Amino acid sequence: MNSFKKLPKLSVNNIPILTTISIFFLMYAAASIMFPGFFSLYNFVNIFKTNAFVGIIAVGMTFVIISGGIDLSVGSVVAFTSIFIAKMHQSYGMPSWISMLICLGIGLVLGLSIGCLITYFELPEFLVTLVAMFLMRGLAYVVHQGTISIQDDPFIAFMKRTGIRVGAGNLSLYVWVFILILILGILVSKYTRFGRNVYAVGGNESSAVLMGLPVKRTKVLIYVMSSLLATLGGIVFTIHLASGKPHNTIGLELHVIASVVIGGTLLTGGAGRVIGTFFGVLIYGLVFKLPAYISAFREWWAQILVGLLVLTFILIQTFVAEKTARAVES
Amino acid sequence: MDGKLLQNPNPLTKRFLFVLAGLAAILLLNLIISPEFFQVSLHEDGKIRGNLINILNNGARVCILAVGMTLVYATGGIDLSVGSVMATAGAMAALMIRPGYLQGLPVANPQPPLLLIMAVPLLIAMLLGLINGALVALVRIQPIIATLIMMYSARGLAVLMVEGQTPTYHGVPFTKLGLGYFLGLPLPVWIAAAVFLITVLVTKRTALGVFIEAVGENRKASRYMGIRTRLITMGTYVFCGLCAGLAGLVHVAGESSTSPYNTGNMIELDAIAAVIIGGTMWGGRFTLAGSIVGALIIQSLSTTVYFQRWPYEYSLVFKAVVLIVVALIQSEKLRAYAAQGWASIKSRRAR
Amino acid sequence: MKRSLLLTMALLLLGTMAFANGQAADDGKIVVGFAQIKEDSPWRTTETNSVQQEAERLGIELKLSVTDQAGQIAALRDFIAQGVDGILLAPQTRSGWDEVLQEAKDANIPVVLLDRGLDAPEHLWAAQISSDFAFEGRLAGEWVADRLQGNGKVVELFGDPAADPAILRSEGFMEIISQYPGIEVVESKTGEWSQDKGRQVVEAWLAAGVEFDLVYAHNDGMALGAIDALKAAGKKPGQEVLIISVDAIKAAFEAIERGEMNATVECSPLLGPMGFATLMAAMDGQAVDQYIITPDSLYDESNYKDHPTGGF
């Protein structure tokens, strides 16, 4: 009986994340009622499989946005990773796990470069990551111009085949990577000094500097993390599709950022939860499932709906920010 | 009012010369590798043709976009939606020229007046710009996010308008906008020149230019000085939308078709690169002439790649490298580090 | 405490889902899912329309999804979850379909491939309905050899170099052309199936001074771009420089009528009727041919008016 007294207070700060979770459950419930076959483990597992790679990248993007920055290069990193792995396999017979490691190395270097340019040269984030987006997309085409299928690669086949049989679907290993990253993301954001620093930098960078926090190092690390997770997302994507294509994932950065915003993370920085991003990714995934169920709801309607959701959350954030500011003043 | 806020002589002039040198370098490089690059000839039908004309013609769209983007950039903002707004404007024009395309009907006969075909899409483009401006100035969303949403939504709108198809309309008067010639040069070049000149006149002859720079440099101080910062900010986005709409019309007119997926795809990157290479500061002094030269540099990079028969995507890598190098050179921090390095070398020599 | 309450609820939900099993509502109407490729191409839009019209004619409820490969795989899964009776698929790439095709097979849903193929064991899909792209290339090659009378310079606008249609159209073309030593293919470059890219490629060739008598484009879109480039350079497409391509879309026929284009090889996108006929047969358990070839023919100035619909 006592435990009910400890129900969380409906503080203003929790409004975004509660809205996110409510929207997700409402949508899922509505879809389950409207569409036969929607409410099943098979479908539930599929949402995870389809959006695993997005989720991984979104965890990284959450940290970036909480710190008040942005990373526009993630889509291109995914495309580059996929075509690199595919090309190495086709032209040199390189086993995919080796090229995956190389890609992670490239991701590390990229993240370091982006982080340093932003932190030590004080170039605007959108500019540096925009250039990175250009660069990686161009390099992807330089690697190879068309699609390459990956056949008979033992590692990829293993990652796809192995998994837990859940109902009619297979919760493959590569989906577990997403769940692992998600849990790690939540833990890092809440329980490590790095996590706290990220929030501090996003909340008020000059205060953070005055407080003696390692702001510069934190900022560089954030972009390293984002690029690494983007590369990892690219690896999972390649496994999922068993092919590489430089033309892939144009516009993925919008997808990821939208998911993070719908997840309740403040665009101005300083607040946001990784768990919120998780639901944001699922909501986005749900919206884009709809066209396959309702013929009249075409993909451009899904785009517009997501745009509206993002706008709604931004307005909610503005409202929350104002309320908090007023509370502080009084 | 001579448009100078500080006592320093205009640092932009020095930068402009650098940028001009950059353009000259690219063109020279092409000339050395392939001498026929500069061939320009006057043909029997009175039209001047050649590779240089191609650069100007193909670059006209980016020039128009860059003019609009310059003012937005000067207020400390950015507009990522220009490509999608181009697509929407093109879609609207297609709907007016050939409303029956989806039913398999030919172009509308008689055609609506050309001015109307231009006006309606431009008004829609300005409206989209207004939404961007309102989100940035009134709702206080960061420009990159607000225009990112618009980039997404406007393209969805364009696809919706033509239901995912690519309407074609050969031979209608509208296509003159992209294919016509005036005094030997392609019309798009004239349009770009006009946009540039008018904008220069308005921003330099009125206080508008100063106000834009003031808002960009210090929004709070400008507001206290009595400048209507919100109005100015919104105005730049509306103007940027207008430029995007115009660029869109020129583009679809030249193609005699509207492709909602492809029109303006990734062109915002070209436009932003043009502005940055041109020397405009992010929140501060702007140079329209620099942006035009920047746009031409970007276009030259693209044309060089085609001309040398390299794969088109190499141009992405070039643009990325050029852009970051230019941004670095322009960055104050680099100067600070260089100064530090120079100072420590000097002190070591003195010892 | 709040956390354990939520966790219990979540587990309960998952448990319910396991038993829900996802059975589709059975109201007697046939439901078919069509996973189409998102591509800026009038040809593909015509194909989609053909499928939609045929579904309407047969009284079949059609679920439609137009996305990229990742989206197509997800859409296929959504169709399976809804318990559709059959699936039509135009696979964007050749690989990566094994798992989801197996899931369809396990659910007893036949899959018919439209306009292109994929790499998966044949027992996983019922049939593939597509054109013989190499044949299209050969038709074009014969027309070119005839028109140029065995002598001339040709430039080739390639489609996506990794796509079957492009590879085979080129091979078929070369098979015929290589028999005529007087005909030389001086340039071959990809225009990525798009009008804009096609224009830029030809523009660059012209600016570089490449001389050619004929343009062979793998699709009409790129050919239209070539026409734009030629006109801008002051050359007359269709007269000074011959243009032949593939697809036979309306815009191509309009160009032939204007005299700016010379010929186009039909690659019919009207796969709706044949697609459904095959799918229904498969759903009934009948044996169907694994590979069904749609017949194509060539249309030029002499017979373009004979086309039943004036282009696709």
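Quick look at the values:
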quantity: Positions within segment A:14-68 being at pLDDT 90 or above and farther than 30 Å from C:Leu76 by Cα, in sequence order; calculated: A:Thr62, A:Phe63, A:Val64, A:Ile65, A:Ile66, A:Ser67
quantity: Unique match (being surrounded by 14 or more Cβ atoms within 10 Å (Cβ to Cβ), assigned to a helix (DSSP H, G or I), at pLDDT below 80 and at the interface with chain A (Cβ under 9 Å from one of its Cβ atoms)) among B:Leu334, B:Leu323; calculated: B:Leu334
quantity: Residue match in segment C:35-57 (condition: on the phi < 0 side of the Ramachandran plot, facing chain A (nearest Cβ under 9 Å), at pLDDT below 90 and outside any strand (DSSP E or B)); calculated: yes
quantity: Check on C:Leu76, open to solvent by 10 Å² or more (accessible area, probe 1.4 Å), touching a residue at least 40 places away in the same chain (Cβ under 8 Å) and more than 7 Å from every other protein chain (Cβ to nearest Cβ); calculated: no
quantity: Among residues of segment C:252-308, those that are part of a loop (DSSP other than H, G, I, E, B) and open to solvent by less than 60 Å² (accessible area, probe 1.4 Å), counted; calculated: 14
quantity: Residues of segment B:256-268 satisfying the condition of being in a helix (DSSP H, G or I) and crowded, with 24+ Cβ neighbours inside 10 Å; calculated: B:Glu268
quantity: Failed item, numbered, when B:Arg98 is tested on (1) without any contact (Cβ under 8 Å) to a residue 40 or more places away in the chain; (2) within 30 Å of C:Phe312 (Cβ to Cβ); calculated: (1)
quantity: Criterion (touching a Pro at 6+ places or on another chain (Cβ under 7 Å) and either under 30 Å from C:Leu242 (Cβ atoms) or without any contact (Cβ under 8 Å) to a residue 24 or more places away in the chain (or both)) met by exactly one of C:Gly137, C:Gly86, C:Gly159, C:Gly141; calculated: C:Gly159
quantity: Test: residue in segment C:274-285 that is more than 14 Å from chain B (Cβ to nearest Cβ), farther than 19 Å from C:Gly141 by Cα, touching a residue at least 40 places away in the same chain (Cβ under 8 Å) and not hydrophobic (A, V, I, L, M, F, W, C); calculated: yes
quantity: Segment B:152-163 residues that are within 8 Å of another protein chain (Cβ to nearest Cβ), paired with ones that are among the hydrophobic types (A, V, I, L, M, F, W, C) and buried (at least 23 other Cβ atoms within 10 Å of the Cβ) (beta carbon under 6 Å, 6 or more apart); calculated: B:Arg155/B:Ala87
quantity: Residue match in segment A:189-210 (condition: farther than 30 Å from B:Ala274 by Cβ and part of a loop (DSSP other than H, G, I, E, B)); calculated: yes
quantity: Residues of segment B:168-184 that turn out to be buried (at least 22 other Cβ atoms within 10 Å of the Cβ) and not in a loop (DSSP other than H, G, I, E, B), as a count; calculated: 3
quantity: Unmet requirement for A:Leu213, which otherwise passes all of (1) surrounded by fewer than 20 Cβ atoms within 10 Å (Cβ to Cβ); (2) in a helix (DSSP H, G or I); calculated: (2)
quantity: Where a residue in segment C:245-256 is away from chain B (no Cβ under 11 Å) and its partner, wherever it lies, is aliphatic (A, V, I, L, M) and assigned to a loop (DSSP other than H, G, I, E, B), with Cβ under 8 Å and at least six apart; calculated: C:Ser245/C:Met261
quantity: Pairs where the first residue, in segment C:207-233, is more than 13 Å from every other protein chain (Cβ to nearest Cβ) and the second is of a type in the set (Asp, Glu) and crowded, with 21+ Cβ neighbours inside 10 Å, C-beta under 7 Å, 6+ apart; calculated: C:Tyr216/C:Glu156
quantity: Hey, A:Gly203 open to solvent by 20 Å² or more (accessible area, probe 1.4 Å) and either free of Cβ contacts under 8 Å to residues at least 60 places away in the same chain or more than 10 Å from every other protein chain (Cβ to nearest Cβ) (or both) or not; calculated: yes
quantity: Options A:Ile275, A:Ile257, A:Ile262: the member that is over 30 Å from C:Thr48 (Cα atoms), surrounded by fewer than 21 Cβ atoms within 10 Å (Cβ to Cβ) and touching a residue at least 40 places away in the same chain (Cβ under 8 Å); calculated: A:Ile275
quantity: Any chance B:Ala244 is open to solvent by less than 50 Å² (accessible area, probe 1.4 Å) and at pLDDT 90 or above; calculated: yes
quantity: Segment A:97-150, residues that are surrounded by fewer than 24 Cβ atoms within 10 Å (Cβ to Cβ), part of a helix (DSSP H, G or I) and within 14 Å of chain C (Cβ to nearest Cβ); calculated: A:Tyr141, A:Val143
quantity: Condition check for A:Ser32: within 20 Å of A:Ile186 (Cβ to Cβ) and open to solvent by 10 Å² or more (accessible area, probe 1.4 Å); calculated: no
quantity: Test: B:Ile298 is part of a helix (DSSP H, G or I) and within 14 Å of chain A (Cβ to nearest Cβ); calculated: yes
quantity: Residue under evaluation B:Gln165, criteria (1) more than 30 Å from C:Phe253 (Cβ to Cβ); (2) open to solvent by 20 Å² or more (accessible area, probe 1.4 Å), criterion not met; calculated: (1)
quantity: Members of segment B:270-317 that are over 16 Å from C:Gln200 (Cβ atoms) and aromatic (Phe, Trp, Tyr); calculated: B:Trp282, B:Phe286
quantity: Criterion violated by C:Gln69 - all others in (1) in contact with a Lys or Arg (Cβ under 6 Å, 6 or more places away or on another chain); (2) modelled with pLDDT under 90 satisfied; calculated: (1)
quantity: Test: residue in segment A:74-93 that is closer than 25 Å to A:Ile314 by Cα, without any contact (Cβ under 8 Å) to a residue 12 or more places away in the chain and away from chain C (no Cβ under 14 Å); calculated: no
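Quick grid of which residues meet (1) part of a helix (DSSP H, G or I); (2) modelled with pLDDT of 85 or more; (3) within 14 Å of chain B (Cβ to nearest Cβ); (4) at positive phi:
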position: A:Thr238; (1), (2), (3), (4): yes, yes, no, no
position: A:Val256; (1), (2), (3), (4): yes, yes, yes, no
position: A:Ala271; (1), (2), (3), (4): no, no, no, no
position: A:Phe278; (1), (2), (3), (4): yes, yes, no, no
position: A:Leu282; (1), (2), (3), (4): yes, yes, no, no
position: A:Ile304; (1), (2), (3), (4): yes, no, yes, no
position: A:Gly307; (1), (2), (3), (4): yes, no, yes, no
position: A:Lys323; (1), (2), (3), (4): yes, no, no, no
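The values are calculated or read from the model by the stated rules, or taken from the named source; none is laboratory data. Just so you know, these numbers come straight off a predicted model, no measurement behind them. Cβ sites come from the backbone with ideal geometry, for glycine too, and all protein chains shown count toward neighbours. When the accessible area is computed, the model is the full protein with side chains, heavy atoms only, and any ligands, DNA or RNA have been set aside. Shrake-Rupley method; radii C 1.70, N 1.55, O 1.52, S 1.80 Å.
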